[in-house]
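J.: One structure is given below, represented as structure tokens, and several questions about it will come after.
The values are calculated or read from the model by the stated rules, or taken from the named source; none is laboratory data. From a predicted model like this one, the values you see are computed outputs, not experimental measurements. Ideal geometry is used to build each Cβ from the backbone, glycine not excepted, and the neighbour counts take in all protein chains shown.
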């Protein structure tokens, strides 16, 4: 069955269906499911047609297809000469993170983002995430930062791994669209940003100013903290200003990724980016 | 063990630890885990200390505690004369939705929200959700609408059940803070809103105006659609205007609850609600 379909692929290398759990590719994917495996190898994998299609060619290592890959997807899919491996349905299910996977995985190298990359965009517009733990929030922040035209996102060591399947899924390809610096130290980041004349703003429940009262046309970095605890005191203290979104009704706070989204789009509004649409 | 702790509760009725799956309270909770059971009985349940404490007294039916309820929680918890049932740890685990539950559940009646309730706030500010399927998004939209001071939220028949444990958890008590009308028909809602002179605005990728260019001090209703498909064409067509958030970077779209949050806070900004903080 699969080989008929695979004839329609532009593949350089199809070895036959892999069914053994001892296979080296299967074992690599199992390792890449865990952060430790991703850290050690510098690799990660993406699942699902939409996400896989968004991967830049220069980081692709190889593809893995499920034996019973969905017909619609495979039609004319260009693997661009990268190796292709076929997993039996059972093996694929073992590494796949999603129920609704279209039967395609791409293994790639982590895109290298240097701290310098995020200063390219002028005036600077940077998001700093401290200890964001929920993969959905993490991915959504990156997606919104991308949509709002931020120059980059900096994640502290305490953030969930950006290359985990759930983060990648909710970021919807945005990790490939803007530099994401990981494993940062919040204190060092603040010093660097300040030394470059960037206004550092902490989203904080004890903020005295709203973002509507701050000139966000200036070079800015917006700091958002952990879902339950917010920013660490020592981080917030070092930034130039605490800002707070007004709460009109009975809710005690906003979801972290929603609050971040509102702040990002206040920058967009003040900078008049919308005038171009 | 439990009875020592329970002595410290202000309880009217503690029958002893329920261990049988045949028990009527256990069977009711099992039914309430499913939408069908909630629809049939008009009841639902909340889990976790924070959420349980936010329930208004007039809708509480009874409490269920886990035998090994966490000590910190139980200290001085006032059950206000409502019945209390104690489940064995095994039984509790079977009905509990969260790993981190503090061992407390409250069964309550669905708060009755009438369409009329959402027009109380002037100028009107209403969120209409069509076919929102993700429980996290649904809860987050309600939480943000509450935070932003909306007069109410209207959900169409196609939305996920607002009384499902996951929606309740991400709404964080906001379902008790503002009227949420469920099971609505989008067409009928639009006619009603227009007849009351409320500006109906569809969040739509094909919108021509940004929210920054619309006078949101007017009575407004903002429509948000399904995560994958957006608003139905027949719904968007009937509204007064399609509005769109500008996308500056490479992302194709925004997360539904983030987009809704940005629009809600643009209403807050234009109406100057932040001047009061």
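J.: Here are some conditions: (1) under 19 Å from the mean Cα position of the chain (by Cα); (2) free of Cβ contacts under 8 Å to residues at least 24 places away in the same chain; (3) at positive phi. Residue A:258 meets all but one. Which one does it not meet?
T.: Here residue A:258 meets the rest and fails (3).
J.: Here is a follow-up. Any idea which of B:193, B:201, B:216 is part of a strand (DSSP E or B) and farther than 30 Å from residue B:34 by Cβ? If you could, list the steps in order and put the result at the bottom.
T.: On the way: B:193 fails: part of a strand (DSSP E or B); B:216 fails: part of a strand (DSSP E or B).
B:201 is the lone residue from the list that is part of a strand (DSSP E or B) and farther than 30 Å from residue B:34 by Cβ.
For every residue, the table says whether it meets (1) crowded, with 22+ Cβ neighbours inside 10 Å; (2) in contact with a strand residue (DSSP E or B) (Cβ under 9 Å, 6 or more places away or on another chain); (3) in contact (Cβ under 8 Å) with a residue 12 or more places away in the chain; (4) not assigned by TED's automatic domain parsing to the domain that holds residue A:135.
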{"residue": "A:234", "(1), (2), (3), (4)": "no, no, yes, no"}
{"residue": "A:240", "(1), (2), (3), (4)": "no, yes, yes, no"}
{"residue": "A:245", "(1), (2), (3), (4)": "yes, yes, yes, no"}
{"residue": "A:251", "(1), (2), (3), (4)": "yes, no, no, no"}
{"residue": "A:263", "(1), (2), (3), (4)": "yes, yes, yes, no"}
{"residue": "A:270", "(1), (2), (3), (4)": "no, no, yes, no"}
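J.: Let me ask you something else. Considering only residues that are facing chain B (nearest Cβ under 8 Å) and in contact (Cβ under 8 Å) with a residue 40 or more places away in the chain, which ones fall in the range A:162-175?
T.: Just the residues of the range A:162-175 that are facing chain B (nearest Cβ under 8 Å), to begin with: A:170, A:172-174.
Passing the criteria: A:172, A:173.
J.: Provide a single number: the residues in the range B:108-122 that are part of a strand (DSSP E or B) and surrounded by fewer than 20 Cβ atoms within 10 Å (Cβ to Cβ). Talk me through it step by step, then tell me what you get.
T.: Going residue by residue through the range B:108-122, those that are part of a strand (DSSP E or B) are B:108-109.
Within this subset, residues satisfying the condition of being surrounded by fewer than 20 Cβ atoms within 10 Å (Cβ to Cβ) are B:109.
Count: 1.
J.: Residues in the range A:245-276 that are at the interface with another protein chain (Cβ under 7 Å from one of its Cβ atoms) and in a loop (DSSP other than H, G, I, E, B): how many?
T.: Here the count works out to 9.
J.: Checking residue B:227 against (1) out of contact with any helix residue (DSSP H, G or I) (no Cβ under 7 Å at 6 or more places or on another chain); (2) more than 9 Å from every other protein chain (Cβ to nearest Cβ), which test does it fail?
T.: Answer for residue B:227: the failing condition is (1).
J.: Still on this structure: Of the conditions (1) under 26 Å from residue A:136 (Cβ atoms); (2) touching a residue at least 24 places away in the same chain (Cβ under 8 Å); (3) touching a helix residue (DSSP H, G or I) at 6+ places or on another chain (Cβ under 9 Å), residue B:215 clears all except one; give me its number.
T.: (1)
J.: Right, next: List pairs: first residue in the range B:48-75 and more than 18 Å from residue B:90 (Cα to Cα), second residue modelled with pLDDT under 85 and assigned to a loop (DSSP other than H, G, I, E, B) anywhere in the structure, Cβ distance under 6 angstrom, at least six positions apart or on different chains.
T.: If the second residue must be modelled with pLDDT under 85 and assigned to a loop (DSSP other than H, G, I, E, B), the pairs left are B:49/B:102; B:73/B:102.
J.: Okay, next question. Please enumerate the residues belonging to the range B:79-95 that are assigned to a loop (DSSP other than H, G, I, E, B) and in contact with a strand residue (DSSP E or B) (Cβ under 6 Å, 6 or more places away or on another chain). Walk me through it before giving the result.
T.: If we filter the range B:79-95 for residues that are assigned to a loop (DSSP other than H, G, I, E, B), which is where we start, we get B:79-83, B:88.
Once the filter is applied, which keeps residues that are assigned to a loop (DSSP other than H, G, I, E, B) and in contact with a strand residue (DSSP E or B) (Cβ under 6 Å, 6 or more places away or on another chain), the range B:79-95 yields B:79, B:82, B:83, B:88.
J.: Which residue is farthest from the other protein chains (Cβ to nearest Cβ), if the candidates are limited to the range A:176-189 and must be touching a helix residue (DSSP H, G or I) at 6+ places or on another chain (Cβ under 9 Å) and assigned to a loop (DSSP other than H, G, I, E, B)?
T.: Here is the first cut: in the range A:176-189, the residues touching a helix residue (DSSP H, G or I) at 6+ places or on another chain (Cβ under 9 Å) are A:176-181, A:184, A:186-187, A:189.
After this cut, where a residue has to be assigned to a loop (DSSP other than H, G, I, E, B) as well, the list is A:177-179.
Details: A:177: 4, A:178: 6, A:179: 12 Å.
Filtering first and then ranking leaves A:179.
J.: Restricting to the range B:123-146, name every residue that is within 14 Å of another protein chain (Cβ to nearest Cβ), outside any helix (DSSP H, G or I) and surrounded by fewer than 24 Cβ atoms within 10 Å (Cβ to Cβ).
T.: Of everything in the range B:123-146, those that are within 14 Å of another protein chain (Cβ to nearest Cβ), outside any helix (DSSP H, G or I) and surrounded by fewer than 24 Cβ atoms within 10 Å (Cβ to Cβ) turn out to be B:123, B:133, B:134.
J.: Mind telling me which of the residues A:242, A:205 ends up being closer than 17 Å to residue A:130 by Cβ, within 14 Å of chain B (Cβ to nearest Cβ) and in contact with a helix residue (DSSP H, G or I) (Cβ under 8 Å, 6 or more places away or on another chain)?
T.: On inspection, the qualifying residue turns out to be A:242.
J.: What's the total number of residues in the range B:147-161 that are touching a helix residue (DSSP H, G or I) at 6+ places or on another chain (Cβ under 6 Å), more than 9 Å from every other protein chain (Cβ to nearest Cβ) and not in a strand (DSSP E or B)?
T.: Total satisfying the criteria: 3.
J.: Looking at B:100, B:96, which is the one that is at pLDDT below 90, crowded, with 19+ Cβ neighbours inside 10 Å and either out of contact with any helix residue (DSSP H, G or I) (no Cβ under 8 Å at 6 or more places or on another chain) or within 22 Å of residue B:139 (Cβ to Cβ) (or both)? Write out each step before concluding.
T.: Working: B:100 fails: crowded, with 19+ Cβ neighbours inside 10 Å.
Within the list B:100, B:96, the selection yields B:96.
J.: Would you confirm whether or not the range A:205-218 contains a residue that is surrounded by fewer than 17 Cβ atoms within 10 Å (Cβ to Cβ) and under 18 Å from the mean Cα position of the chain (by Cα)?
T.: Taking every residue of the range A:205-218 in turn, none turns out to be surrounded by fewer than 17 Cβ atoms within 10 Å (Cβ to Cβ) and under 18 Å from the mean Cα position of the chain (by Cα).
J.: Related question: Could you grab me the full set of residues in the range A:25-38 that are assigned to a helix (DSSP H, G or I) and either surrounded by 19 or more Cβ atoms within 10 Å (Cβ to Cβ) or touching a residue at least 40 places away in the same chain (Cβ under 8 Å) (or both)? Show your work before the answer.
T.: Initial filter on the range A:25-38 (assigned to a helix (DSSP H, G or I)): A:25-32, A:35-38.
Hits for the range A:25-38 are A:25, A:26, A:28, A:29, A:30, A:32, A:35, A:38.
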